[in-house]
Structures are given as structure tokens and as C-alpha cells.
1. Per-residue HN-Hα couplings for the stretch 643-659, Karplus 6.51 cos²θ - 1.76 cosθ + 1.60 at θ = phi - 60°, whole Hz, x for Gly and Pro?
2. Quick check: residue separation of residue 406 and residue 428 times 0.36 nm, minus the Cα distance between them. What number comes out in nm?
3. Taking H placed 1.01 Å from N in the peptide plane, check which residues at least 5 places from residue 364 or on another chain put their amide H under 5 Å from its amide H.
4. Hey, which of these cross-link pairs are over 24 Å Cα-Cα: 566/876; 791/970; 592/876?
5. ³J(HN,Hα) across the stretch 425-440 via Karplus (A = 6.51, B = -1.76, C = 1.60, θ = phi - 60°), whole Hz, x for Gly/Pro?
6. Only residues of the stretch 391-429 count here: report those whose backbone N is under 11 Å from the spot 7 Å along Cα→Cβ of residue 380, or say none.
7. Compute the distance in nm between two label points, each set 7 Å from the Cα along the Cα-to-Cβ direction, one at residue 494 and one at residue 119.
8. Out of the trypsin sites (Lys or Arg not before Pro) in the stretch 401-436, which ones are loop residues according to DSSP with at most 16 other C-beta atoms within 10 Å?
Amino acid sequence: MIRKRSGSIGVVTIICILITAFAFAAERASFGVMIKAVTAEYAQFIGLETPVGAYVVSTPATGDLRPGDVVLKVDDRIIKAPADLQEVARLHQPGDQVQLQIARGKERLQISYILKRVAVSPGMVRPGQPSRASAMAGSLSTIESSRFEQEVLKSDQPVLAYFYANWCAPCKMYLPIVREAGKQYPDVKIVGIDIDKSGDIVRRYGVSGILPTVILFNGGREVDKISRPSRIEQINELLAKTRSDNNEIEVFAAIGRGNWILQVAFIKNTQLIAARDATGTVHVWDYQRGALSKTYRAAVSGLSPNGSYAALADQSRTIVHIVDIAKQRQKSIRTQQFVEKLAISPLGTAVAGFGADHNGRFSVDIRNPDNRLIKSIPVDPATSPQSVMFVFSPDGAHFALSTLNKLEFFSTKSWTRETVVAMKGTAAVLQFTSDSKTVSIPGKDEGLIDLQGNKQRGSDGRVVVGRPDDRLAIADNGDNSFRLMSNASDGKGLRFAGHRAPINAGAASDEVPWLASGSSDGTVRLWDQATGREIAQFVDFGNGEWIVITKEGYYNSSARGHEYLKIRRGNKVYGIDQFYDVFYRPDIVLAKLKGENITGLVTLTVEEAIMNPPPAVKFLPVPSETGDPQVKVCYQIQSTGGGIGEVRLFQNGKLIKSDGFYRDVAAQSTIATMKLAQVDSKAVYQDMRSLTIKEKQSPGAHVLRAKSDSFDECVELETIAGENEISLTAFNAPNTVQSVMGTTRFISTRMPAAPHLYILAVGIDRYRDASINLKYAAKDARDFIARLADKAKTIYPPSNIHLTTLLNDQAGKRNIMAAIEKLAGQVKHGDGFIFFDASHGLLLQNQYYIVTSSFDGRLDKNVSLISSNEIVEMSKKIKALSQLYIFDTCHAGGVDNIVSGLYDARMSVLAKKMGLHIYASAGSVQTALDGYQGNGLYTHTLLAGLKNDKAVDKEGSGAVTVKSLGIYSKEMTMEISTKLGHPQTPVIINFGKDSKLFDVR
């Protein structure tokens, strides 16, 4: 049933909040409301079958239309989307009367409207309006998606892209600054990109919310970014990076990939930082290990002032999960609202949710974790939902609510309203100061209001949570740097510079010396409060990938997180993966975050490495298709100023040729005389520090022959049936930075030979030095090779499965290397090769070693240790393009965060060098001796994966692959080891193509 209400509304139609007065030259009719699309979840909440209509975000002070209403029909015109309502307005004249059918909650109403006059700027358009001249026309060359690659990425000159919207007032305000700066740099092309016409570019480069945004491109790469450039000095500083004589070096996360960080907090008595972003995601970082610990995704979220608790609304917006972040415990409550905003108290005892009920009435409801409604605070319909702000005090004693023209304080003990303060307009930001005595409202003349309602002049700074005695605040300097203010200082003497967009949040703690900041550039950064130096930045890219990087360039990341990191030197931009071999060092990140001096661990800095840029590589043309068993592939390598070092050639991801070799550093350190059990993390690090000076001289590979500044070579490659992808990379002369990978492809039409599977399993319980004997390693090797061979019969004939097992006395270094030599003469390109090792492992002089059975107590590399360098040479000799290496090793010196971080670093670099897959798990001796259900723990999870194939094949592909088994074994090992009290996280690294291990039956 539809009820009628009469009334008229005269207002200004807008889509976005950004409004400013201009000199207008024309008028048009308007509905005068801010609108947006109706979501499927809201449609379901109010009883619509499909998400149709125009959702009303805000309305004028008079009239019957309310925020939350959905306009379904204008006269007889059905409104399916906001653009339809805009189109109706264009068909009418000011003063026309129309009938609106609306949905208000589950009620349906009909209202009479009179459209009013609205002045409009010539050429000013709203999103969805076609056929209007651009507001930027005549003042800026604009491009759209179809021309972006040609005009920007393939441009021969640097390009400054100005991202704007025609409805954005600051975009017009700051445009003259960009044009003026451009006059000083005539070699830089400046183009405009309308975000409403180029959504794909906007998403690709993470441009949203803060407009205008400028991004500098050079050579097809993004160089730098500034959001809302308000001063010409900012643009000049940006454009100065295009000068060839600019040798400034920066390391930065790929622009715009993260989301706005709105809150940060150190969680007390833990090593965790919690951060909440604009998408509702809560990121939990382990700031001591330098790793992402947990991610909570939600449609709407709130984070307690101390970071300990999160409130997370599910996609329906009616169920809220209350999470104790440190303990990872969760309770759920069901609301009667469509939740728009959330806040949670410091102890997680109260959750505040704002939204509309089924009758379309907005309120702030307070509930406890048992789902009891404690308090419901109605919100005046005249207040735009976007302007409703509320927050708990850090001590949990008070709750502040800001709506139109007023601020209210409530006691959380009785939930009585204690103070009402008159205020002009609404708050854009609402924060309690860290002492819980005052509310800060940046942007207001009297921006500090105490609990009694007394006002005093405040600042535009953002509150730093966590230190109640100092009342710290971050003040933006206007150039994306900030200063730190306190009760005792205005902070003007110290500048914290590094963020690429405004700073929104800050946190400190009595437990750590660092200051944390969160910015609209999507990063959380840690700073030294005394010096202003950046310690590290943390970025979650929202797709499961993340990275933590120190100012020196050393980083820890997820499997592909490094792909989003860039290094700029002057006007040249490099991908961090070009520095992977040297700079992927979770162990150094950990040491830096512990406050240690990492000078003794740093063999090379980014600044030093980039002084010798990598060469350029290029393939000569190859036939697109061939039936020949071999193909001649030729390539050219040209120095760009840093010389030419090692050259690596890959086929379908696997290393098949390199002209570098790795010379072991002479064992002259004290560690060489130690017992194996004494080689703990402290000894490993002391040893590494002693090697720093030696490695600075030549940290990379040694080449077989010196090269000039130009190098040409041809090689004969054995083809494999189907697609052959040949990749090439070359290092600079010191072998510290590699080139961008060059790639060529061809199809081989030759008939594939029947593939064979070769498995070499090594298991060592008994050593010449009996003091380090193990218990389950030999059994692990026997069990693994037997079970995998049986499963492999689903895709290989039994006669094509070849097994080699070396146990205990058979598994000395000489025998293992001899077995590899024998297999090298048998294994073909199309075959599969798996190497399994269960034994002691060792980190020594920045390398990983397998400790073979010939170990007699002396760390003699030639007799008893197989180094990671030798493993690389092994992989090159084995022709199979599909190879998997499994290391289930025990570390006699124990495994702590330092050892596991270094283990991760060395294994990952090893896998990348070989272009192969590696499973590696390092445990303590005690864990190895204890075992788990008759095997070593990690081997147990592998055997479980081989047995429970359907559980491994989560995607239902019908097969277990190298990647899927690795994921399963890692997750299961982490789960079991945590329960046992000895947390163990396997390193699973995948380079090259995935391979099928067996079919699911």
C-alpha cells in the first residue's frame, strides 16, 4: 500500500560531497539531494526484490524526504539507477511538480515535489551525464582509457597525469598550480584524466577519494604520486624527479595499491599493531617480525581506541562480529539495523552501531556482547548519515556523538547523557585526546571540547593514541610530512617525511620506542620519535599480498608482495624483484624492528646497488612454431652503465643455463670450530657480521668470463612439446641487480615423449658424530618415497617411475652427489624430478647447508656439507623442467624468529635462482626427536596430504599439484605445531609452472 504525503523540496542536486561556489552562467531543474546506487544488501533489508532506485544520502533541512529513502518512481518513470533520476531532472524545468514513489524502510510512500532552480557552471557535469563539454577542456589536454597506454605508458617523455572530476571543486582550484609548474618543465607532458570516464585506470592506480591526485610516469612506470597538491612547491619537487642529474634514491610501495588507513594502535602486551582502512578491513601486523599476522575483512568495521577489539559487520550489514584480536576469539550479535558505522569500547564490552531500522529511522544503538540493547540514541533526520560521528574514550568511561549542530557526551557506566554542546555544522573527524578528557575536532575554530562542554582553540592535528600522559598529536605540514606535537612541544623542530598522502592516524606505546602513523597512501609506517627517521613501512595490498620494507630497502613479503614495490633513482624506476637476491631478507627486517644496529648485517644498500644499474636484455626473433627437437635462440645484452655480470636463461620457468658460479667464503670464522648444537641464532648472526666486509667486495655470483658493455650469444635449446616460454635476465657487473626479465615464446609441434618421474629421497638418522643423531629422518624418507610413488601411478606407468633412496651411511656427501650425476644423464626435459631430504640443516655464512651422514663434528664443507650453491648446480644438471625440492631439516642450534627469517630468505632466493618449487621446514632437535605419530612433523603433514587427496584438492580440479600440496602441508604444520607449543611455519616457494603430482581417486 502506498500512502501519500504532500510537500515541496527546493534544493541543489549533487552526487558528491565536494561543493564550492563558482560563477555560474546557466540554470537547470534539480531534485536537490545527494544520491547513490542501491546495494543488493540494502534492497533485501527494505524488502525490494532487486537493487533498483536511487538511494538518498542527504537532503535539505526542509521537506519530507529523508536520508535512507529510495526513490523508485518519478510520475510514471521507473527509476532503476541514480542516472535515471538525473535524466528526469534534465527533462523538466524549474518549478515543475512531480510525484515521487519512495521506499522508506519497508514502507512505501508517495510524495509531491516541486523542482527548483539550480545554477550550473558551463561544462560542469555530474557522473553519469553524457554529451557535455569537459570542465577542463581548453585548460588541459585530457585523455581516456583507450589512449592511456599510447599517451602515457609508451610516451617518450615523462608524463604528469592529473586525475580530476568535473564535480570536484578542489580539482579546479589546484589546476593552475599544476599548469604553472609545468611551464618550468617543458619536457614533461601534462594530461588530465577524468575519473568518471576512465574507471579502469582509476582502479589500476588506486586513485580514489582524495582529489585531485597527480601521478608522475616515466618509461611506462609510475614514479611518484601526490594527493591534493595544494602548493606549487609540491609539484616542483615531484617534477624535479624527471631531471637526469637527479640522483635521489627512494624505495616505495606501488602507488595507490593500499587503502586509506584511518586508525592505528599498538595492542598492549603484544607485538601487534592493528590498523583499520577505509574499506572496513582490519590489518593486524606483527611489528617485531615484520609480517602480516591476520586480516579481518568486513563491510563495515570499528576498531577500539587501544586496537584490542574489532567490530565487524558482515555483508548483510545486520550481523556484527566482536573480535578479541590478540586472543583471536569472536562473538556475534544480530542488530535490527542496516549498519553504516561501528565503534567498539576498549574492553570490547560495548558496540555502537549506526544505521536505519526497518522503518527507515536512523539511530545509534549500543549493545553488549550478549546482544542486549543498552541504549538507543535517535538521530535527527536532518543529519546526513555521512556526518554522524561517534567514538569511545581511550579509558572507556565516555562516549561522544556528533550530529548536526551538536556534540553529546554520555557516561558509559549508566549511559546517561551528561553534556550537550552546541556546534556549528558537523564534525569531519572526531577523536578523544589520549588522556580521555577532551574531544578533538580538527578543522573547527574551537576544536578542543572537554567533558563539561568547555571549548578552547585546537589544532588540525590527529590524535596519537596510546600515551595518555603526553597528549600527543600528529600535525600535517601540508606536504604529506608531519610533526609530532605534545603538551610540552609544538614539534616544529622535527619533520617526519615519507608518506605520499595526508596522515590520518597515529599511535605510540610505552612498550616500544616507535611512533606509528597511518596515511591515505595505504601504508602504516614506524618512526624513530627522537630523530624522525623512518624505520619501516607496512603495506597490505588487499589481495592477499603484503610487504614490510626498511628504509635501507631490505624487506619481508608474501609470495608476490615484492611485485608491488618500486625503487626510483632520479628519473629511472626499477622493480624490487630486480634486487630480490640481495634484499629479500626477513631476518634483517626483524633485526631492524628490534632496534638493533643492522650495519654489520648489511652487505649492500639500495643506494650502493643502484649505482650500478642492470643491463638491458633482448631476444632476437625466433620462429613462432617448430617441429624440430632443438631450436637456436639468440639474445643481446647491453650495459646501461653498470656493466654485465651473470646471465640466466630459463625455459618454462626453470633455470637451464647460467654463466655464474658461487664461490664459498673461506671458513675462517669462529663458527667453523663450533659444535653443531652451538650454532644458534646468536652464533649465526655473529658469523654473518664477520663476513660483511668480505661480501661487500663481491656479494653476488662470480662469472665464468668477463664481458664487455655489449654481449651477444646463441644457444641450442631442446624443445618440449607444446608452449616453450624462454626467459632471460642479466645482472650488472657486481651481480647485485638483475635486469627486467625478457621473454620470447614458441610452440613445439613435436610429439611428446611419455614422461618419467624420478624421485631421490635422502634420510639421515645416524651421523659419524653420534651426538647429533636423529630418530625419524630415515623413516620419513622411506615413507614419503613409497607413498608418493604409489600415488604417482595414477598418471605414470609403474615402469616410468624411478626411485632412489639413500639412508644413513649411504647418504654421505660423495654418494648424494654421485646419485645426482647419474640422474643428470637419465632425466629428460619432459620428465619430473623430486628431491626429498630429511636430515640436519645448517645456516652458515649466509648460506643454507644439508648436513650429510659423513659429518664427524667438523664443519668441513668439502666433505660433509652440501651448500645451497651446490644445490643450484644440481638443479641445472637435471634437465627436467618440472622439479620439486623438499627439505625437512632439523636445526641443532634451535629455531627462533631470527633463524626462521634467515631460513625463509635463503630458501626463497634459492628457489628463485633455480626457477623451481621448494618446500622447506626447519624445526628444533627436540621437535625432531619427539616426532608426530611416527614421523617428523612436516613429513607427517606431507604424508597426510598424499593420503587425503580430496582435502588437498580444494578447488576440485581432480588433481593434487605441487602448489596445492605445499599449501596443505604448510597450513597443517602450522596448526599442529601451534597446538604442540612449538610453532613451525614451513616456507613454500613456487617459481615456474605448477605441475600435477597425481590424480584424485
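1. Working through the residues one at a time gives x, 10, x, 5, 10, 10, 10, 10, 10, 6, x, 9, 4, 10, 7, 8, 10 Hz.
2. 6.6 nm
3. HN-HN under 5 Å from residue 364: 377, 379.
4. 566/876; 592/876
5. x, 10, 8, 7, 9, 10, 9, 6, 5, 5, 8, 6, 9, 9, 9, 9
6. 403-407, 422-426
7. Each label point lies 7 Å from its Cα, and together they span 4.9 nm.
8. 413, 424
FYI, it's all coordinate maths here, none of it is from the lab. The structure presented is a predicted model; accordingly, all values stated were derived computationally and were not measured. Here Cβ is always computed from backbone atoms with ideal geometry, including for glycine, and neighbour counts include all displayed protein chains.
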